[in-house]
Structure formats: structure tokens, C-alpha cells
Amino acid sequence: MPPVTPPDHPTRDAGFGVYLHWPFCAAKCPYCDFNSHVRYAGVDQPRFLAAFRREIAHAAALAPGRTVTSIFLGGGTPSLMAPETVAGLLDAVAGAWAVAPDAEVTLEANPTSVEATRFRGYRAAGVNRVSLGVQALDDGDLKRLGRLHNVAEALSAVRTASAHFERFSFDLIYARPDQTPAAWAAELRQAIDHAAEHLSLYQLTIEPGTPFFGLAQAGRLVPPDDESARALYDVTQEICAQAGLPAYEISNHARPGAQSRHNLLYWRYGEYAGIGPGAHGRLVLSEGRTGTLTEKAPEAWLARVEGEGHGMVETECLSAEDQGDEFLMMGLRLSEGIDPARYAALKGRPLDARRLDALMADGLVARRPDGRIAATARGAPVLNAVVAELAG
């Protein structure tokens, strides 16, 4: 059989990724609105693994001939999986598509001591990068955030990760209630002392439907106001840049060459298969770039896969307008910005010169020497407004 040639697309060279969503957690954090679920009776991992294998095969039938450049096991808490389950997932991906020899394979993990003992097994299974959900280096705030670990356990897990993986990252949440710039600066410097190459630093957002939202509505949780949050953001940028971990994306900081390749694929508008409960995907099919979405509830997804061979509940061929807007929204998050010629190829028309000139005059975007358009330090904190203006 001759090799399959994937359909052409303006972002073909951005790579092909596979996202595997493991939706289970040991506890639901009060700030979290992700598709994550607690199952106190346990999870039938062999049954779910069999369903993942079927959905991976279905995605490969839709999008054959790709070479996987990155795999991301997200959640939920993928580090609740047995290493054998992780190995089965990665074997299924390798059986469905070619996998590049240097493919990045990331697993999200919580830094409890129990899960850290599994790192050796994950490494043997094929994981070569871990992302640890540390979230804070303050025991009081960890408790308020609903985390099940303390600072000592978190730092122990970081040390264990560094012993088994050349590449690792961890997350922190800032703009927590009552957090001061001085306290955050000290915490961030401590984190940088332990971070080999990459940090993801997210501003706390109060999402509808979460316990934190109810507390905020009742006045029992008061996040920093906009001015205070901006001061914390500025501290983040300054300290990370001084330490050699500049922002390559609004919330992600890395040493040169240590960026998350899988996340870069998203932001560069590459192609990826979304596998597992509630996973989104973007596949380039014969009819064009197509958005996919799977059943969100884990048990309903499982039943659908077992009955129909896949869990997809939505496929939508994206219009040129949609593709241009998505490309803009994702790409302007990056410090490298976007290629305006690629935008024009997706959208069917170039950026509006009048709107672009006005944003440049206001110091919100700039044209780089290579011709790319990027948000400035002034524009990054108000990126949603910048994107809305350019996309209009």
C-alpha cells in the first residue's frame, strides 16, 4: 500500500500532536473548571485503556499518514494511572501513527510522594517530560487551593522528577487572595531555584460553577483587584526574564530551547488529535480543517466508545473566518507572534492595515524584523482586546 499523503494546509509544518485526556482526580480543587472527576470507588483502568485504544484507532483512520511530533497526557491527573496504563496508551499511539524519534512525550503529575514513586515506571513507558502541578510554595495557600500536598512533598517530587527526566516543568498560580508582590517575588525566586528549564505561571481566575466562584460571590474570597494583579504580572515577567526564563507565551516561561513543544504546536495552530473524555481536536481532513469534540462525562464516553468505536459527539469543518480568528487568538499569545502571510492564507484576506497601524501606534503590537506581528509588553496583558480589534 502506498504511503498516505495528508491534505495540504497552511500550518502543515507546525507538527502533529496527540492529546490524551485522563479525567480522574483524587480530589476536585475549588478553583478548577476543567473536565475532571473524582471516583472514590476507583477506576477500571484496563477497560478505559481498551476504549482509548479504540478511539486512537478511529482518529488514525480519520487522519492517517501523520508523524506524531508530541504527545501530551493531561487531565485530570494522569499520574493516577498505573505505569502499565501509560505504556498501553503510548503503544497504541505508536501503533496508529509513525512517531518521530525525538517526539516530546509529556505527562501531567501531582507532586504527592505516592505518585512521585511512579516516575521511574513512566520513564520506562516512554514519557520523557513531566509537568508538575505544584501551584504554590506556601502551605497555607496550598490548603486553601485544595491541594493534597505540602511544600516539602512538592519539592521532593521536583527532585524525583529531575532524577528521572531531563525535561520537567511545574505550574504555579499567582494573584492568590492577599498575595503581595514581595511575597510572590520570593516564592517565584524559590521556584526558579528548583526549575531546571520551564515554568507555567497562571493568574488565578474565578470561574463560574466552581466553589471559589460561590465564595467570591458571597464576599468570602477576595482576589486581587486589576491593579494589584497587574503588579504581580509585572513582577513575574521581570524576575523570570532576569533568571533566564523569559516568557515565550503569556503564561509560560522557559530557557532558550526548553519550550513545551506540544503547547507550541497548539499556539502555532498545528494539527492534533484529541482523545478521551471531553477532548478537543483539530484535524485537517479532505474537506478542510475540522474541529472535533468528544463526550465529556467519562462513563458516557466509555459507553459511546464501546458501542460506536469512538467518543466523538461533534465535528465541525471550520470556515476560513474561524481559522483566521483561531490562528490570531493562539499565535498572538506567543512572544514570536504570527506570520501575517499565513494568516492571510487561512483567512482568505490579509490583516486590516488600518486596524494594525492603529494598534501599532498605540504600542500594543509591533512588527518584528522578520515581518511577524507580535504583542508588545504593553499589549500582552490586554491581549483579548487586541485580538478582537485585529479580527474585526
Integer Hz, Karplus 6.51/-1.76/1.60 couplings in order for the stretch 349-364, x for Gly and Pro = 7, x, 4, 5, 4, 5, 5, 4, 4, 5, 5, 5, 5, 7, x, 9
ask   = For a paramagnetic label modelled at 7 Å from the Cα of Arg220 toward its Cβ, which residues of the stretch 145-174 fall within the zone defined by backbone nitrogen distances under 17 Å?
value = 145-147
message = Using the Cα centre of the stretch 67-214 as origin and beta-carbon charges of +1 (Lys, Arg) and -1 (Asp, Glu), tell me which of Ala116, Ile206, Ala196 is placed farthest towards the positive end of the dipole.
response = Ala116
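What number in nm² do you get for the stretch 325-366 if you take the convex hull of its Cα atoms and divide its surface by four?
Averaged projected area of the stretch 325-366's Cα convex hull equals 2.9 nm².
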ask   = Could you name the lysines in cross-link range of Lys28, using Cα to Cα under 30 Å and dropping any fewer than eight places away on the same chain?
value = Lys143, Lys296
Karplus-derived HN-Hα couplings along the stretch 56-72 (A = 6.51, B = -1.76, C = 1.60, θ = phi - 60°), whole Hz, x at Gly and Pro = 4, 5, 5, 5, 5, 5, 6, 10, x, x, 7, 10, 6, 9, 7, 10, 10
query = Suppose every K and R has +1 on its Cβ and every D and E has -1 on its Cβ; what is the size of the dipole of the chain about the Cα centre, in Debye to the nearest 20?
reply = 500
message = Just want to confirm a number: the relative contact order over the stretch 202-353, from Cα pairs under 8 angstrom separated by 6+ residues, in percent.
response = 15
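Remind me, relative contact order of the chain in percent, using alpha carbon pairs under 8 angstrom and six or more residues apart? Please report the intermediate quantities before stating the final value.
Numbers: 731 pairs, mean separation 64.6, N = 392.
Contact order relative to length: 16 percent.
Dipole of the stretch 80-173, Cα-centred, from +1 at each Lys and Arg C-beta and -1 at each Asp and Glu C-beta, to the nearest 20 debye?
On the way: 9 positive and 12 negative charges, 32 e Å.
For the stretch 80-173, the charge dipole is close to 160 debye.
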task = Could you tell me which of Ala216, Leu356, Trp184 has its Cα farthest along the dipole of the chain towards the positive end, charges placed at Cβ (Lys, Arg +1; Asp, Glu -1), taken about the Cα centre?
result = Trp184
query = Hey, what do the phi angles of the stretch 87-104 turn into as Karplus ³J(HN,Hα) couplings, whole Hz, using 6.51/-1.76/1.60 and θ = phi - 60°, x for Gly and Pro?
reply = 4, x, 5, 5, 5, 5, 4, 5, x, 9, 9, 5, 10, 4, x, 9, 4, 7
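For the chain, what does the convex hull of the Cα positions come to per residue, in cubic angstrom?
Values: hull volume 59.0 nm³, N = 392.
Given the Cα convex hull of the chain, per-residue volume reads 150 Å³.
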inquiry  = Connecting C-alpha atoms closer than 10 Å in a GNM of the chain, tell me which of Val235, Val382, Val130 has the biggest fluctuation.
reply    = Val382
remark   = Counting only protein heavy atoms and leaving out ligands, DNA and RNA, the solvent-accessible surface of Val4 at a 1.4 Å probe, in Å² to the nearest 10, equals 70
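Tell me, what is the per residue accessible area of the chain in Å², probe radius 1.4 Å? Can you show the working numbers first?
Working: 17020 Å² over 392 residues.
Ligands and nucleic acids excluded, the figure is 43 Å² per residue.
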note = Computed over the stretch 112-166, the relative contact order (Cα-Cα under 8 Å, seq sep at least six) in percent reads 53
note = From the Cα centre of the stretch 1-69 to that of the stretch 250-281, the distance in Å is 13
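The values are calculated or read from the model by the stated rules, or taken from the named source; none is laboratory data. Owing to the predicted nature of the structure, the values given are computational and were not obtained by experimental measurement. All Cβ positions, even for glycine, are placed from backbone atoms using ideal geometry, and neighbour counts span all protein chains on display. Ligands, DNA and RNA are stripped out before the accessible areas are found, and what is left, the full protein with its side chains, is counted by its heavy atoms. Shrake-Rupley method; radii C 1.70, N 1.55, O 1.52, S 1.80 Å.
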